[in-house]
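Okay, so here's the structure we're looking at.
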């Protein structure tokens with residue numbers, strides 16, 4: 001998944017229930033932190049990064065992401081009832097997954113996902129993502 005994210009040169013669209021960084025003092029989550037950092041690196045490379053998360057993404061979680069360097073003001077929106085775990089890269093590849101973006105979800109749980117390298121599949125998911133971004137998602141996270 002990290003390689004898929006790193007391959008983005010034009011667009012990186014992500015829709016997750018939440019991104020929950022590890023608590024202070026957790027020492028076994030570096031691979032998950034590296035995954036989040038890969039997204040921030042794409043943002044720094046001026047890739048069009050857009051992330052939609054559910055109402056479970058609280059202000060405190062967003063503040064942690066902002067501290068890491070993610071532009072949560074411009075690149076993150078909240079949408080009620082999101083349970084999707086998916087990524088669309090450059091309109092060419094899509095990840096469809098059951099994996100929550102947390103330490104347990106990315107490193108320890110038995111989850112499954114598939115990366116599909118197909119412009120047709122990517123176009124299908126990208127159209128839905130952009131519809132959600134423009135019409136259903138808002139730029140305000142619920143309070144903690």
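Taken over the stretch 80-95, residues that are buried (at least 16 other Cβ atoms within 10 Å of the Cβ) and at pLDDT 95 or above amount to 9. For the stretch 106-122, the condition of being on the phi > 0 side of the Ramachandran plot and in contact (Cβ under 8 Å) with a residue 24 or more places away in the chain holds for none of the residues. Listed by position, the strands (runs of 3 or more DSSP E) contained in the stretch 42-144 that have at least 2 residues being under 15 Å from the mean Cα position of the chain (by Cα) and within 16 Å of residue 10 (Cα to Cα) are 48-53, 86-89, 93-97.
Scanning the stretch 62-79 turns up no residue that is touching a helix residue (DSSP H, G or I) at 6+ places or on another chain (Cβ under 7 Å), surrounded by 13 or more Cβ atoms within 10 Å (Cβ to Cβ), within 23 Å of residue 108 (Cβ to Cβ) and modelled with pLDDT of 95 or more. Is one or more of the residues making up the stretch 105-113 modelled with pLDDT of 95 or more and closer than 17 Å to residue 7 by Cβ? Within the stretch 105-113 (the criterion being modelled with pLDDT of 95 or more and closer than 17 Å to residue 7 by Cβ), the answer is no, since none of the residues qualifies. List every residue pair whose Cβ atoms sit under 6 Å apart, with the two residues 6 or more apart in sequence or on different chains, where the first one lies in the stretch 1-28 and is on the phi > 0 side of the Ramachandran plot and in contact (Cβ under 8 Å) with a residue 60 or more places away in the chain and the second, anywhere, is part of a loop (DSSP other than H, G, I, E, B) and surrounded by fewer than 13 Cβ atoms within 10 Å (Cβ to Cβ). Pairs that qualify, where the first residue is on the phi > 0 side of the Ramachandran plot and in contact (Cβ under 8 Å) with a residue 60 or more places away in the chain and the partner is part of a loop (DSSP other than H, G, I, E, B) and surrounded by fewer than 13 Cβ atoms within 10 Å (Cβ to Cβ): there are none.
Yes/no matrix, rows are residues, columns are (1) in contact with a helix residue (DSSP H, G or I) (Cβ under 7 Å, 6 or more places away or on another chain); (2) within 25 Å of residue 114 (Cβ to Cβ):
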{"position": "11", "(1), (2)": "no, yes"}
{"position": "20", "(1), (2)": "yes, yes"}
{"position": "23", "(1), (2)": "no, no"}
{"position": "27", "(1), (2)": "no, no"}
{"position": "38", "(1), (2)": "yes, yes"}
{"position": "55", "(1), (2)": "no, no"}
{"position": "83", "(1), (2)": "no, yes"}
{"position": "88", "(1), (2)": "yes, yes"}
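The values are calculated or read from the model by the stated rules, or taken from the named source; none is laboratory data. Just so you know, these numbers come straight off a predicted model, no measurement behind them. Positions of Cβ are generated from backbone atoms using ideal geometry, with glycine treated the same way; all protein chains shown enter the neighbour counts.
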